[in-house]
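The values are calculated or read from the model by the stated rules, or taken from the named source; none is laboratory data. Everything numeric here is computed off the predicted structure, so don't read it as measured data. Glycine also receives a Cβ, built like all others from the backbone with ideal geometry; neighbour counts cover every protein chain displayed.
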Amino acid sequence: MEMLFKRQQLLRKQGKKGFTLVELIVVIAILGILAAIAVPAMVGWIDKSRTDGAITEARTGLVALQTIASDAYGHEGSYTDLAGTKTDDITNASHVGVVTAEVNALVGTSGYTINSWAVSDKNVVTAFSMVVPSGSTVTYDGTNYNVS
């Protein structure tokens, strides 16, 4: 018992160690302020990253569409799809699904869905709209990419 009493006295002499409630509240307030600044910035970075990723994927699809259009141009404007069907209008609505399949075959995935696309008189792809593997819909108007 005497030993316990001496130990308690020794602890009192050394002084109390720890943080006061005020110090803890100040630290928590500072952390809250930093979080309020950092979280919106990080959400913006995440959104920008997703948009950039979707655009990169769409550019891959555009290269495949350009390849198909170039192939049609090389065959005097006619296009033979994967099913062996020949057409003189590669943007015909009935061929969009087949072109989607060919784009996926060229890229090596099944993730692209082409909604519509347009070509110039030289069979250069000037605009398109497609759903890319990340789930975003990307449209290209010949100048700008828009992601939704």
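Computed values, structure above
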quantity: Every residue from segment 93-117 that is among the aliphatic types (A, V, I, L, M) and either surrounded by 14 or more Cβ atoms within 10 Å (Cβ to Cβ) or in contact with a His (Cβ under 9 Å, 6 or more places away or on another chain) (or both); calculated: Val96, Val98, Val99, Ala101, Val103, Leu106, Val107, Ile114
quantity: Residue within segment 56-63 that is polar (S, T, N, Q), surrounded by 12 or more Cβ atoms within 10 Å (Cβ to Cβ) and either at pLDDT below 85 or assigned to a strand (DSSP E or B) (or both) present; calculated: no
quantity: Residue, modelled with the lowest pLDDT, within segment 100-148, restricted to residues that are under 17 Å from the mean Cα position of the chain (by Cα) and among the β-branched types (Val, Ile, Thr); calculated: Thr109
quantity: Residues that are part of a helix (DSSP H, G or I) and among the β-branched types (Val, Ile, Thr), drawn from segment 83-103; calculated: Val96, Val98, Val99, Thr100, Val103
quantity: Residue in segment 129-138 that is surrounded by 14 or more Cβ atoms within 10 Å (Cβ to Cβ), aliphatic (A, V, I, L, M), under 26 Å from Ser49 (Cα atoms) and without any contact (Cβ under 8 Å) to a residue 24 or more places away in the chain present; calculated: yes
quantity: Cβ-Cβ under 8 Å pairs, at least 6 apart or on other chains, segment 50-67 side over 12 Å from Tyr140 (Cα atoms) and free of Cβ contacts under 8 Å to residues at least 60 places away in the same chain, far side assigned to a helix (DSSP H, G or I) and not hydroxyl-bearing (Ser, Thr, Tyr); calculated: Thr60/Val107; Ala64/Glu102; Ala64/Val103; Ala64/Leu106; Ala64/Val107; Thr67/Leu106
quantity: Residue pairs meeting the criteria (Cβ under 9 Å; at least 6 apart or on separate chains; first free of Cβ contacts under 8 Å to residues at least 40 places away in the same chain and more than 13 Å from Val131 (Cβ to Cβ), in segment 95-109; second outside any helix (DSSP H, G or I) and acidic (Asp, Glu)); calculated: His95/Asp81; His95/Asp89; Val98/Asp81; Val99/Asp81; Ala101/Asp81; Glu102/Asp81
quantity: Flag if Ala118 is under 16 Å from Val63 (Cα atoms) and assigned to a helix (DSSP H, G or I); calculated: no
quantity: Selection status of Tyr79, surrounded by 20 or more Cβ atoms within 10 Å (Cβ to Cβ), without any contact (Cβ under 8 Å) to a residue 60 or more places away in the chain, in contact with a Lys or Arg (Cβ under 9 Å, 6 or more places away or on another chain) and aromatic (Phe, Trp, Tyr); calculated: yes
quantity: Number of the condition not met by Ile90 [criteria: (1) closer than 17 Å to Leu62 by Cβ; (2) surrounded by fewer than 19 Cβ atoms within 10 Å (Cβ to Cβ)]; calculated: (2)
